[in-house]
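One structure below.
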Amino acid sequence: TWPRIPGIPTFIVMNSAVAAAVLGAILAASVSEARPQPTWPHTYNLSRSTFLMPCNYSGGSWGRGGGVCLVCVCLVCGVTNPPQGYMDPAVAAQWGVVDFDWSNAKRLWANTKPMDCEERLVEQAKMIKDINPDTKVWVYRNLVKALPWYTSVREKLADPAYAGFFLKFKPGSNASYHVPQCRDGLCTPFYHDQEQTPQSNAGANVTHNATSGWTIYQDVNDVSGMKPDKATGITDGGPQPDWMSCQRAADAAKQQIFTWWPNKARPSANGTCWFSNQWTRTGNKSQPHVEHDHVSGFKGPNPPTMPTSDSNCDGVCDCGKGIPCGEYLWDHRNGTQLREFLINEFVGGANGLASPYVDGFYFDDGWSNSPSKIPPWAPPSYKQCNMWKTGGATEEDYYCVEDMGLTQADVNLVHDNWQQTMAEVFAYVLDHGGFPYPELVSRTASVDINDPRKTCAQYVRSACKPSSPVHNGTLMFGFTRNTFHDINPLPYVDQDIAMFHLVRGPYAYIGHGWVGCASTAKPDLYSRPAVLDTLDFGTPVDEVCKETSTSSGVFVREWSKATVQLDCNNWKATITPKP
């Protein structure tokens, strides 16, 4: 078995403070600790030393042909009729490692009855392998949330013999919980929320009042992803108890568009009321976004049509017979029986590691047993279940522990058993030739949160040691972003390429971690700099990089075909080809 790292949290969470904590813990690991590496051959070819977490949930084929070219340079152009609804496999096949989120092909699987996300991920992997068998394809798994759009999960939810696999609502009624127990006429005793659950495009309730002139859109958010400032034209209408009060405030301020949403952390408190001067533009349509618990209003003639979403269902969503769609939770207190299912079937089965098209996994979300802090990118009102006083599940409704009636002892038991399961899952994946994303040594940077210029010398100095986990582990080196959610244009390509070649070992990949899904709203999401396919560094002459003098802040490393230098004082990269 591969050596394991004691004390390193065994989970990665998309878009959360936990992700930053995990990555920070990995980078801070003792330099003497060995890190796992894949079983496949290593490469120093820059074009193949690349990593991408792509995702397409629209009806088009984003990447080329059916959609918009997502890369800065196209190496395999000319492909016609790429499969609709998937990420263009010819684009994905350009990267050394590609890791697909559960939202990939969402427009397709969310409208299949019942949903078939699990099989669609394998189908996407096969398309890529058919073009380039050397590309390593990883797929999404969640060992915290039990997502019923995965067939193997849905089958267990529907079978009373496996009721112990899932956490339940505490005794009560649908009206006594913070999330609905019933949906589309279906109810279940198993706890679930609607945080990232596919919704019905037909569910947006639109009403028009001829007297007031207002058109009201239920479950619609016109200010998604934005904030009040001059650039957006959004202004804060102050705290309001309900959307009707927000509408009256808009009238008083002579505003024609508002969006209101509740304070989920404190349901009895006032919600948020923002005014905007134009509808959010989604693709080529003047439409806002479908989003649960939000209400938007438009005053005037010719109100926009009811919005739809690429990621939602046309009609009633189908998560299986008798199963209301939602994000359920595994009950890790079950212990061995659940663990064996997760290892042997959910991860190791025909749609997992037993498939010839699957090389690894992104394992998402985690359990905490103490309250987590608000992520640096999130507003002060951001609340999730892991921030509850006992700790809880990440990216789940804030009140999930209360709605399940769990005590601190219960949360501790779930947390401890979940950790044990994750350790055994990781060992299984590594022993069977795959690789789990959380075992990567990750470098993430964005100008707004963790500007790499400020830590350049410290990072390179620490990494340029033979025993450094950055060097002897499996490195995922993320291109620096402008902001956490904004990649393009990449601000520091030359510096990132230079730093990568200063610190990398035999197993290292540069590219993009999670940034979101391409869709009709966000077609140009991923960038592939041309230098990835034009620069040839050869193989390393120096085992690790060297600092030109004590504390100089200037680092250099010789390669067979280039000399690489990075001056951290002036943030200047120099790559000198050799004849």
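The values are calculated or read from the model by the stated rules, or taken from the named source; none is laboratory data. None of the values given here were measured: they were computed from a predicted structure. Please note: Cβ atoms are built from the backbone with ideal geometry, for glycine as well, and neighbour counts cover all protein chains shown. Protein only, heavy atoms only, side chains kept; ligands, DNA and RNA dropped before computing areas. Shrake-Rupley method; radii C 1.70, N 1.55, O 1.52, S 1.80 Å.
Residues of segment 166-179 include at least one that is among the basic types (Lys, Arg), touching a strand residue (DSSP E or B) at 6+ places or on another chain (Cβ under 7 Å) and in a strand (DSSP E or B). For TYR217, the test of being modelled with pLDDT of 95 or more, closer than 30 Å to TRP109 by Cα and not polar (S, T, N, Q) is failed.
Okay, residues lined up against (1) modelled with pLDDT of 95 or more; (2) farther than 23 Å from GLN458 by Cβ; (3) open to solvent by less than 30 Å² (accessible area, probe 1.4 Å):
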{"residue": "LEU532", "(1), (2), (3)": "yes, yes, yes"}
{"residue": "THR539", "(1), (2), (3)": "yes, yes, no"}
{"residue": "CYS545", "(1), (2), (3)": "yes, no, yes"}
{"residue": "SER549", "(1), (2), (3)": "yes, no, no"}
{"residue": "GLY553", "(1), (2), (3)": "yes, no, yes"}
{"residue": "ARG557", "(1), (2), (3)": "yes, no, yes"}
{"residue": "VAL564", "(1), (2), (3)": "yes, no, yes"}
{"residue": "LYS578", "(1), (2), (3)": "yes, yes, no"}
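Quick check on segment 126-141: of everything there that is charged (D, E, K, R) and closer than 30 Å to TYR328 by Cα, which residue is least open to solvent (accessible area, probe 1.4 Å)? So, considering only residues that are charged (D, E, K, R) and closer than 30 Å to TYR328 by Cα, the one least open to solvent (accessible area, probe 1.4 Å) is ARG141. Consider ALA457 against the criteria (1) modelled with pLDDT of 95 or more; (2) open to solvent by 10 Å² or more (accessible area, probe 1.4 Å); (3) touching a Gly at 6+ places or on another chain (Cβ under 7 Å); (4) closer than 30 Å to GLU195 by Cα: it satisfies all of them except one. Which criterion is unmet? Going through (1) modelled with pLDDT of 95 or more; (2) open to solvent by 10 Å² or more (accessible area, probe 1.4 Å); (3) touching a Gly at 6+ places or on another chain (Cβ under 7 Å); (4) closer than 30 Å to GLU195 by Cα one by one, ALA457 breaks only (4).
If we scan segment 330-342, do we find a residue that is more than 30 Å from ALA518 (Cβ to Cβ), modelled with pLDDT under 95 and buried (at least 16 other Cβ atoms within 10 Å of the Cβ)? Yes, there is a match, as at least one residue in segment 330-342 is more than 30 Å from ALA518 (Cβ to Cβ), modelled with pLDDT under 95 and buried (at least 16 other Cβ atoms within 10 Å of the Cβ).
Let's see how each residue does on (1) more than 18 Å from the chain's Cα centre (by Cα); (2) in a loop (DSSP other than H, G, I, E, B):
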residue: ALA457; (1), (2): yes, no
residue: LYS465; (1), (2): yes, yes
residue: ASN488; (1), (2): no, yes
residue: ILE497; (1), (2): yes, no
residue: PRO506; (1), (2): yes, yes
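Summed over segment 153-169, residues that are open to solvent by less than 10 Å² (accessible area, probe 1.4 Å) and under 19 Å from PRO198 (Cα atoms) total 1. Checked against (1) open to solvent by less than 50 Å² (accessible area, probe 1.4 Å); (2) out of contact with any helix residue (DSSP H, G or I) (no Cβ under 6 Å at 6 or more places or on another chain); (3) closer than 27 Å to TYR57 by Cα, GLY233 passes all but a single condition, namely (3). Inspection of segment 430-443 identifies no residue that is touching a residue at least 24 places away in the same chain (Cβ under 8 Å), of a type in the set (Lys, Arg) and either in contact with a Cys (Cβ under 9 Å, 6 or more places away or on another chain) or surrounded by fewer than 18 Cβ atoms within 10 Å (Cβ to Cβ) (or both). Of everything in segment 439-455, what is under 23 Å from PHE363 (Cα atoms) and either over 26 Å from the mean Cα position of the chain (by Cα) or basic (Lys, Arg) (or both)? Give them in sequence order. Across segment 439-455, the qualifying residue is only ARG443.
Checking each residue in segment 120-164 for being in a strand (DSSP E or B) and aliphatic (A, V, I, L, M) picks out VAL137, VAL139, ALA146.
For segment 499-527, a residue qualifies if it is over 24 Å from PRO38 (Cα atoms) and either touching a Lys or Arg at 6+ places or on another chain (Cβ under 6 Å) or not aromatic (Phe, Trp, Tyr) (or both), and the qualifying residues are VAL515, GLY516, CYS517, ALA518, SER519, THR520, ALA521, LYS522, PRO523, ASP524, LEU525, SER527. Taking the criterion of being at pLDDT 95 or above, open to solvent by less than 10 Å² (accessible area, probe 1.4 Å) and not in a helix (DSSP H, G or I), the only residue of segment 105-119 that qualifies is MET115.
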